[in-house]
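The values are calculated or read from the model by the stated rules, or taken from the named source; none is laboratory data. The structure presented is a predicted model; accordingly, all values stated were derived computationally and were not measured. Glycine also receives a Cβ, built like all others from the backbone with ideal geometry; neighbour counts cover every protein chain displayed.
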Amino acid sequence: MEPQQTSDTVAHFDRVALRYGRGPEILRDVSLELPAGSFHFLVGPCGAGKTSLLRLLYLRLLPSRGRVLLFGTDVGRVGRAELAALRRRIGIVFQDFRLLPQLTLLDNVALPMRIAGGDDATIRHDAIRLLERVGLKHLAHATPPALSGGQQQLAAIARAVIARPRLLIADEPTASVDGALAVRLILLFQEMNRLGTTVLIATHNERLADRFPHPRLRLEGGCIHGGITARPGSAPPDSALSSAHQRREAAAEIAL
């Protein structure tokens, strides 16, 4: 059944397809919905099209056919200025970190807010607080080449959330870290979700996804198969901290 767009929907795909140039369709007839405040894993083998789907979500690409709506806006019917405004509501964590090697961690984390404009003292304070939250405050003035892959990924998460995005997207964020750090990274994403941020994490590691009670979207061969699935005993897609009261309680418990 086609997902129904509502005012509480962050992202809505309606029979979306994507092809690169004249090649075959990488995605075919993808229909899905991400309710506001939800947390999903996007699972599937390497090469299934997960990264391509994420690129549609963060507006790196536009669909070849079908409709993509973000925050109620049809992205195929707006201009560059409107697309840029939509992008500012999205945080992205890339598999390869994409930290600027010549900048300190503090400046990397602060960069999105400095680009958007604002008081530098406030931006610096927020960046330091986020680095402290992910355990990297002592490395605030180090540059990325001096850090491990896990430390760079933690910094990338801090950078993605400094602007308090409504949608947080992560592409294989645990691929280059060990099991214990992988769990820690997912817990950080859960904290953001408890504050009301919609989260989508792409991973081929279903054993890791099994450890968390979040529904899954399964992508294989460019198609969503079986709709939304979750492991037994997990929460339904839109149940976790969906009410404003629950989010206020979570915000009081977690100072981000």
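Being within 20 Å of I169 (Cα to Cα) and at pLDDT below 95 is the filter here, so list the residues in the stretch 116-129 that pass it.
A116, the sole residue that qualifies.
Taking the stretch 135-168 as the region of interest, how many residues are surrounded by 20 or more Cβ atoms within 10 Å (Cβ to Cβ) and within 18 Å of Q190 (Cα to Cα)?
13
Of these, L54, L62, L106, L139, which one is touching a residue at least 40 places away in the same chain (Cβ under 8 Å), of a type in the set (A, V, I, L, M, F, W, C) and either touching a strand residue (DSSP E or B) at 6+ places or on another chain (Cβ under 7 Å) or over 19 Å from I201 (Cβ atoms) (or both)?
So the residue among L54, L62, L106, L139 that is touching a residue at least 40 places away in the same chain (Cβ under 8 Å), of a type in the set (A, V, I, L, M, F, W, C) and either touching a strand residue (DSSP E or B) at 6+ places or on another chain (Cβ under 7 Å) or over 19 Å from I201 (Cβ atoms) (or both) is L54.
Please state which one of A160, A202 is in contact (Cβ under 8 Å) with a residue 60 or more places away in the chain, part of a helix (DSSP H, G or I), of a type outside the set (F, W, Y) and at negative phi.
After applying the criteria, what remains is A160.
Limited to the stretch 163-180, what total is found for residues that are touching a helix residue (DSSP H, G or I) at 6+ places or on another chain (Cβ under 7 Å) and either modelled with pLDDT of 95 or more or not β-branched (V, I, T) (or both)?
Qualifying residue count, the stretch 163-180: 7.
Residue by residue through the stretch 153-211, note down the ones that are under 14 Å from the mean Cα position of the chain (by Cα) and polar (S, T, N, Q).
Q153, T174, Q190, N193, T197, T198, T203, listed by residue number.
To keep it simple, each residue is scored yes or no on (1) buried (at least 19 other Cβ atoms within 10 Å of the Cβ); (2) within 30 Å of R211 (Cα to Cα).
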site	(1), (2)
L32	yes, yes
G49	yes, yes
V68	yes, no
G72	no, no
G76	no, no
G91	yes, yes
